[in-house]
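A.B. asks: Following this message is one structure expressed as structure tokens.
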Amino acid sequence: MKKRIAIFASGSGSNAQKLMEHFMDRSDVEIALVLTNNPDAFVLQRADNFEIPSHIFTRDEFYHSDSIINMLKNLDIDLIVLAGFLWLIPKNLLAAYPGRIINIHPALLPKYGGKGMYGDHVHNAVLQAGEAEGGITIHYVDEKYDEGEYIYQARYKIDTNDNLELIKFKGQQLEHLHFPRVVDSILKKIKK
Ligand code: GAR
């Protein structure tokens, strides 16, 4: 039986795109839905390009109804992947998908995580701290920002002359390389 993924993303969706490319020719896995809180998110265009349905939701729908859970259950979703999604996951969604929601974060957690730590905020903090290395973390999602059990981490070196753009690029390269592979291996462990 096919395993089905739903991707939540708030912005560009370059990681979502890597997942779409990775799974596009697979008969055993389907990205069944892309969801976003942001009507202007470029990830919507990417979903369209791959003919993947998408859904835009409001804060009210996300935090004060079960309609998204019902949508995910109707589509028989097995795994929820957060790919640059910036809202905290509500308790009812966590309860509906225990151990089935994962996130990617552009830092070596537990450093540089938590509320407000996303995108350039993370990279700026890493630079300002004078870190010699940066990295990415793929982890399970719980009720706090960036705190669930770690699944995978990868590191890159930071040279003294590195600027924001460069470390962002290094992090993104790692994300694009590892995220599809890690999602794939998690899916293989899910029994239908
Ligand atoms: C990624 O770097 C991801 O790690 C980060 O947002 C970016 C989304 O890029 N996520 C967080 O910061 C979550 N706290 P993308 O839209 O190009 O995939």
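The values are calculated or read from the model by the stated rules, or taken from the named source; none is laboratory data. Please read all numbers here as calculations on a predicted model, not as lab measurements. When we count neighbours, we look across all protein chains shown, and the Cβ atoms used for this are built from the backbone with ideal geometry, even at glycine. In case anyone asks, the SASA skips ligands and DNA or RNA and just uses the protein heavy atoms, side chains included. Shrake-Rupley method; radii C 1.70, N 1.55, O 1.52, S 1.80 Å.
A.B. asks: Only sites in a loop by DSSP and with at most 14 other Cβ atoms within 10 Å count here; which trypsin sites (Lys or Arg not before Pro) in the range 20-94 make the cut?
C.D. replies: Sites meeting the loop and neighbour criteria: ARG26.
A.B. asks: Could you size up the charge dipole of the chain around its Cα centre, putting +1 on the beta carbon of Lys and Arg and -1 on that of Asp and Glu, and report it in debye to the nearest 20?
C.D. replies: Dipole of the chain, to the nearest 20 debye: 560 debye.
A.B. asks: While we're looking at this one, here's another question. Tell me, what % of the accessible area of the range 1-111 is carbon and sulfur with a 1.4 angstrom probe?
C.D. replies: Carbon with sulfur: 50 percent of the solvent-accessible area.
A.B. asks: What does the net charge come to around ILE89 if you take all other residues with beta carbon closer than 9 Å to its beta carbon, with K and R at +1 and D and E at -1?
C.D. replies: On the way: positive: LYS91; negative: ASP142, GLU143.
Residues close to ILE89 contribute a combined charge of -1.
A.B. asks: On a straight-distance basis, which lysines could pair with LYS188 in a cross-link, Cα separation under 24 angstrom, same-chain partners fewer than 8 positions away excluded?
C.D. replies: Hits, sequence-local ones excluded: LYS2, LYS3, LYS18, LYS73.
A.B. asks: If I fit a long axis through the Cα atoms of helix 14-23 and take the longest principal axis of the Cα atoms of the chain, what angle between them do I get, 0 to 90°, rounded to 10?
C.D. replies: Between helix and principal axis, roughly 50 degrees.
A.B. asks: By how many degrees, 0 to 90 and rounded to 10, does the Cα axis of helix 119-128 deviate from the longest principal axis of the chain?
C.D. replies: 20 degrees
A.B. asks: Same structure, new question: Reachable aspartates and glutamates from LYS111, Cα under 16 Å, same-chain residues fewer than 8 places away excluded?
C.D. replies: Correct list for LYS111: ASP120, GLU131, GLU133, ASP146, GLU147, GLU149.
A.B. asks: Go ahead and estimate [θ] at 222 nm for the chain from helices alone: -39,500 (n - 2.57) per DSSP H run with n ≥ 4, summed, over the residue count, rounded to 500.
C.D. replies: Calculated at 222 nm, the ellipticity per residue is -11500 deg cm²/dmol.
A.B. asks: Okay, moving on. How would you order 100-106, 160-166, 38-44 from highest to lowest mean count of nearby Cβ atoms within 10 Å?
C.D. replies: Top to bottom by mean Cβ count within 10 Å: 100-106, 38-44, 160-166.
A.B. asks: Counting heavy atoms of the protein chains only and a 1.4 Å probe, report the per residue accessible area for the chain as a whole number of Å².
C.D. replies: Here the per-residue accessible area is 51 Å².
A.B. asks: How much net charge surrounds ASP146 when only the other residues with a Cβ under 11 Å from the Cβ of ASP146 are counted, with Lys and Arg +1 and Asp and Glu -1?
C.D. replies: It works out to a net charge of +1.
A.B. asks: Pairing the Cα long axis of helix 164-189 with the longest principal axis of the chain, what angle in degrees results, from 0 to 90 and rounded to the nearest 10?
C.D. replies: That works out to roughly 40 degrees.
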